[in-house]
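The values are calculated or read from the model by the stated rules, or taken from the named source; none is laboratory data. Remember, it's a predicted structure, so these values are computed and weren't measured experimentally. Cβ atoms come from the backbone with ideal geometry, glycine included; neighbour counts cover every protein chain shown. Accessible surface areas use protein heavy atoms only, side chains included; no ligands, DNA or RNA. Shrake-Rupley method; radii C 1.70, N 1.55, O 1.52, S 1.80 Å.
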Amino acid sequence: MRALLRAASVLRRAAAPSLGGRSSSGLGALLPHKVLLRSGSSSPFHPSHPSRSLRCSSPVLLSNLPTVCFNGYSTLIAPANEVLIPQELLSSKTIWTPDRELGQYEDLVARVTNFHNEDKGFMVLDGDVFDVPIRKDIVHRVVRWQLAKRQQGTHSTKTISEVSGTGRKPYKQKGTGRARHGTLRGPQFRGGATMHGPKPRSHAIKLQKKVRRLGLKIALSARIAEGKLLIFEDLEVPSHKTKNIVQYIRQMDDTKKVLLVDGGDIDKKLKLATQNLHYVNVIPSIGLNVYSILQHDTLVMTRDAINRIAERMHTPISR
């Protein structure tokens, strides 16, 4: 930021003779009065268009460049005296800012499409399932519960009574000058037992059903807030060819790993088309869980899967 201010000061002195005292009234309608600059970066953004950065084909004249820092951003305010901002400092990167407050339990209206991006209508998402406040602590507890529960726990070592070998005393108790021993299968001998070693057990921990259910709601709400939950009418594909799925995934914006969720049984052609792609996984709605959602940056659900998940979340918890 200091380097930018020093450069602006130099450019102001260089531009003053060329301006010749010209009034800025002719440029007032074209020049922004505030430009947002990300901390640690030299790319200013226009605040009146929060979803787009400032694009300009000619140099922008701003002033004095005093800064006001707030919430990780710096605001550059332009007074009457202009200064020349070099074109290379401007960025055309698109940024996204939410236009509403998240986690208000509001019903959402989502667009329904398919793999060909065709309009299939709209769908209302229940606010108590897809618009809950984000709580990282709940997600952490649910992920720990999942990983602990799926651990096999088949590790096993042999105690002194299970290890193979004789139980005879190796030598007499006294008179040899050596340490006293009653067996050669103790933990201090080669081929001996393991003391306090692991035995087969369950690593599962207890977690209330309402907390597990809340974790799934939070994961779904987070994907909705990020714009990474897509709703399809169905997951039908024309053939079992993998190249079709690869082409569909490439059409999605900023997608690295996709989780496809269908309402019922997985279509055989879809299963064959995705089994060779490590970045595409398909599961039924009954198997949807928090850990799988976090492992994939994009979540694609069918209309039927949305209805089944909402019904499951609204079912009273059996005590």
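What would the Debye equation give as log₁₀ I(q)/I(0) for region 277-318 at q = 0.17, 0.24 Å⁻¹, counting only Cα atoms as equal point scatterers?
These q points yield log10 I(q)/I(0) values of -0.53, -0.92.
Give the cross-link partners of LYS120 among the aspartates and glutamates, using a straight C-alpha distance below 19 Å as the criterion and excluding same-chain residues fewer than 8 apart.
Here the aspartates and glutamates satisfying the reach criterion relative to LYS120 are GLU233, ASP234, GLU236, ASP262, ASP304.
Could you tell me the relative contact order of region 252-319? Use alpha-carbon pairs under 8 Å, at least six residues apart, and round to a whole percent.
Rounded, it is 43 percent for region 252-319.
What is the ratio of the Cα radius of gyration of region 166-242 to 2.2 N^0.38 Å, where N is its residue count, to two decimals?
2.69
I want to check the label-to-label distance for ASN117 and MET195. Put each point 7 Å from Cα in the C-beta direction and report it in nm to one decimal.
The modelled label-to-label distance comes out at 6.8 nm.
Less than 16 Å apart at the alpha-carbon level, and either on another chain or at least 8 residues along: which aspartates and glutamates does that give for LYS209?
Straight-distance partners of LYS209: ASP137, GLU311.
Amide H to amide H, which residues 5 or more places from THR302 or on other chains are under 5 Å from it, using H placed in the peptide plane?
Excluding prolines and chain starts, which carry no amide H, the hits are PHE232, VAL261, GLY263.
Compute from the Cα atoms of region 240-310 the Rg and the Dmax, the latter being the longest Cα-Cα distance, and quote both in angstrom.
11.7, 33
Using a 1.4 angstrom probe on the protein heavy atoms only, line up PHE122, PHE115, PHE189 by accessible area, largest first.
Largest to smallest exposure gives the sequence PHE122, PHE189, PHE115.
In terms of Cα to Cα distance under 21 Å, which lysines are near enough to LYS256, apart from those fewer than 8 places away along the same chain?
LYS93, LYS228, LYS241, LYS243, LYS271
Give me the number: length gained by fully extending LEU294 to ARG180, i.e. 0.36 nm times residue separation minus the C-alpha to C-alpha distance, one decimal in nm.
35.3 nm
Note the full-extension length gain between GLN152 and HIS203 as 0.36 nm times their separation in residues minus their Cα-Cα distance, in nm to one decimal.
Result: 17.6 nm gained on full extension.
Karplus couplings for region 226-238 from phi (6.51 cos²θ - 1.76 cosθ + 1.60, θ = phi - 60°), rounded to Hz, Gly and Pro as x?
7, x, 10, 10, 9, 10, 10, 5, 7, 10, 6, 10, x
Per residue, how big is the convex hull of region 101-258 when only Cα atoms are used? Give it in Å³.
That works out to 230 Å³ per residue.
Can you give the Kirkwood hydrodynamic radius for region 172-319, in Å, rounded to one decimal and based on Cα pairs?
Working: mean 1/r = 0.0516 Å⁻¹.
When all Cα pairs of region 172-319 are included, the Kirkwood radius is 19.4 Å.
Which value in nm describes the separation of the simple spin-label points at LEU102 and ASN281, placed 7 Å from the Cα toward the beta carbon?
Reported label-point gap for LEU102 and ASN281 is 2.2 nm.
Order these peptides, 241-248, 166-173, 193-200, by their mean beta-carbon neighbour count within 10 angstrom, highest first.
Working: 241-248: 15.0, 166-173: 10.1, 193-200: 12.0.
Those peptides, ordered most packed to least, come out 241-248, 193-200, 166-173.
For region 146-254, what does the relative contact order come out to in percent, with C-alpha contacts under 8 Å and a separation of six or more? Walk me through the intermediate numbers first.
Values: 84 pairs, mean separation 29.5, N = 109.
Relative contact order for region 146-254 comes out at 27 percent.
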